[in-house]
1. Using the Cα centre of the stretch 1-117 as the reference point, and only Cβ charges (+1 on K/R, -1 on D/E), how large is the resulting charge dipole? Debye, rounded to the nearest 20.
2. At a 1.4 Å probe radius, which order do His195, His207 fall into by accessible area, largest first?
3. Less than 10 Å Cβ to Cβ from Ala4, Lys/Arg counted +1 and Asp/Glu -1: what total charge do the surrounding residues give?
4. Going from most exposed to least, what order do Tyr217, Tyr93 have by accessible area with a 1.4 Å probe?
5. In the neighborhood of Leu59, defined by Cβ-to-Cβ distances under 11 Å, what is the net charge if each Lys or Arg adds +1 and each Asp or Glu adds -1?
6. Below 13 angstrom from the Cβ of Ser233, what's the summed charge of the other residues (Lys, Arg +1; Asp, Glu -1)?
7. Once amide H atoms are placed 1.01 Å from N in the peptide plane, what residues at a sequence separation of 5 or more from Gln211, or on another chain, have their amide H within under 5 Å of its amide H?
8. For the stretch 2-111, state the average projected area of the convex hull of the C-alpha atoms over all orientations, rounded to one decimal in nm².
Amino acid sequence: MIIAILGASGGVGSCASRWLAQSGHALRLGGRRSRALQPLGLELNAEIQTVDLWQDRQLSAFCRGCTVVVNCAGASYQVLDRVARAAAAGAHYVDVSGDGPAWHLLQQKPAGDPYWIAIFSAGMLPGLANLVPVWMSARSGGNLTVYSGGIEPVSGAAAKVLVLSLNEHCSALQGSDYWYGEAGASWQLGRRSRHSLLTQQTDSLAHFPGQVTLLPYLSADAERLALRRHLSSLRWYNVSAGSACAKP
């Protein structure tokens, strides 16, 4: 069984590759720059393959013969279902990011295996970050405030997604399959409340050392959580280190 990892030389991809190698899986590592892939391939005794996800032939060749394709390349709002459909020719699919838009685009499954599996949002946001809120929602009395984030450097792909959460572009897409969420919004009394929260700065947020910026953002996934758990109130803040993102 071969697991192919796209974007393997990046921060997320290299960590995923090492973890899968330690679990004993045969790996195919893919990315645009072979020079960046070669040291990791030698370290993990893995096959490496230069691939640009925007080149159809390269992407098809990369996915061919694998059991699972793990996509660690971004940005997710640009990639959408492109890699998933290439993988579906013979492999299941895991995306560390991805969200509602890709899910909607794949409601009509690609031709092939009727039992084909695609898992989206398998990374930190909204995947891992939602496990604790879901668990806490049963103990919250219907009111939940979430601080989600970290103080590590932000990659280029993640930065592009962050910028989307800081302006009205996301709100303009409300109601479409491409709506990600709305900056400054919260969930109040069973409905979305626009412009109800402000960006804040603090140096006293528990478990986040130093000065951080709190960016209120009600994502589509958070809204689904509020609906599913019948929450009266949900305030969600994405936490970033420092003050660079203080003014959306």
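1. Roughly 220 debye for the stretch 1-117.
2. Result, largest first: His207, His195.
3. Net charge in that neighbourhood comes out at +1.
4. So the residues, ranked largest to smallest area, are Tyr217, Tyr93.
5. +2
6. Taking every other residue near Ser233 into account, the sum is +3.
7. Gly242
8. Answer in nm², one decimal: 6.2.
The values are calculated or read from the model by the stated rules, or taken from the named source; none is laboratory data. These figures come from a predicted structure and were not determined experimentally. Ideal geometry is used to build each Cβ from the backbone, glycine not excepted, and the neighbour counts take in all protein chains shown. Side chains are part of the model used for accessible areas, which takes the heavy atoms of the whole protein and leaves out ligands, DNA and RNA. Shrake-Rupley method; radii C 1.70, N 1.55, O 1.52, S 1.80 Å.
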